[in-house]
Amino acid sequence: MNAGGGEPDLKRALRPVPTFERAVREVSRMFSEAGIRHALVGGLGANAYRNRPRTTEDIDFLVGDEAFQTHPGGFVTMRVPVVEFDGIAVDQVPLTEGLRAIEDGLNRAHVSDGVPIAPVDTIVVMKLVAGRTQDLADVEAIVESGADRELLKAAVQHALPSRVETLERLFGNVDRRR
């Protein structure tokens with residue numbers, strides 16, 4: 001089975017950046033030990049569903065609200081204050097109001113080699129929220145790799161209805177290349 005249609009795989013996600021493996025595993029372990037729900041997202045998360053993974057410069061984890069502590073006066077700190085590991089930037093992506101609809105992706109994350117990876121629909125919604133050229137190219141690569149289009153469309157319709165048209169355009173781009 002191809003990447004987009006199968007279970008996410010940490011080894012596939014890390015293939016273009018093998019030096020990231022220790023950082024991904026250690027940061028994930030730190031989150032787990034602190035009781036923080038988390039899942040690999042961003043370029044590495046997308047790689048887990050792509051036939052041809054790409055390089056990236058950082059590690060992104062979607063994290064639950066429990067990753068942050070609010071102090072008097074509204075000051076917020078990270079419970080696991082890691083922003084870099086082995087010289088690699090680590091981003092903790094909070095569940096902002098715009099991402100609240102995908103919170104269940106933290107509970108549905110597939111664990112591969114001990115690291116939770118966000119479900120493909122969660123990653124696609126996040127990529128559409130970001131909307132940068134590379135994010136849209138990631139969505140196309142995921143679709144081209146065999147992701148379930150109906151699943152993706154239903155997720156986008158639920159979480160981000162304003163981007164259904166963009167997703168359909170990306171489907172069309174993939175179909176034209178075939």
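The values are calculated or read from the model by the stated rules, or taken from the named source; none is laboratory data. Since the model is a prediction, treat every value here as computed from it, not as a measurement. We place every Cβ from the backbone using ideal geometry, glycine too, and count neighbours over all the protein chains shown.
Summary of values
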read-out	value
Qualifying residue in segment 157-167 (condition: in contact with a Lys or Arg (Cβ under 7 Å, 6 or more places away or on another chain) and closer than 21 Å to GLU7 by Cα)	no
Test: residue in segment 54-63 that is among the polar types (S, T, N, Q) and closer than 20 Å to ARG15 by Cβ	yes
Conditions (1) on the phi > 0 side of the Ramachandran plot; (2) surrounded by 15 or more Cβ atoms within 10 Å (Cβ to Cβ); number of the one not met by PRO8	(1)
Residue count, segment 146-159 (criterion: surrounded by 20 or more Cβ atoms within 10 Å (Cβ to Cβ) and either small (Gly, Ala, Ser) or touching a Gly at 6+ places or on another chain (Cβ under 8 Å) (or both))	3
Near pairs, Cβ below 8 angstrom, 6+ apart or cross-chain, from segment 131-142 (exposed (fewer than 15 other Cβ atoms within 10 Å of the Cβ)) to any residue that is among the small types (Gly, Ala, Ser) and in a helix (DSSP H, G or I)	GLN134/GLY43
Selected residue (only one of THR166, THR133, THR122 is within 25 Å of GLU26 (Cα to Cα), of a type in the set (S, T, N, Q) and modelled with pLDDT of 95 or more)	THR122
Residues (hydroxyl-bearing (Ser, Thr, Tyr), assigned to a helix (DSSP H, G or I) and over 14 Å from the mean Cα position of the chain (by Cα)) located in segment 121-178	THR133, SER162, THR166
All positions within segment 35-54 that are closer than 17 Å to LEU136 by Cα and assigned to a loop (DSSP other than H, G, I, E, B)	ALA48, TYR49, ARG50, ASN51, ARG52, PRO53, ARG54
Meets criteria (touching a residue at least 24 places away in the same chain (Cβ under 8 Å), closer than 19 Å to LEU136 by Cα and out of contact with any Gly (no Cβ under 9 Å at 6 or more places or on another chain)) for ALA89	no
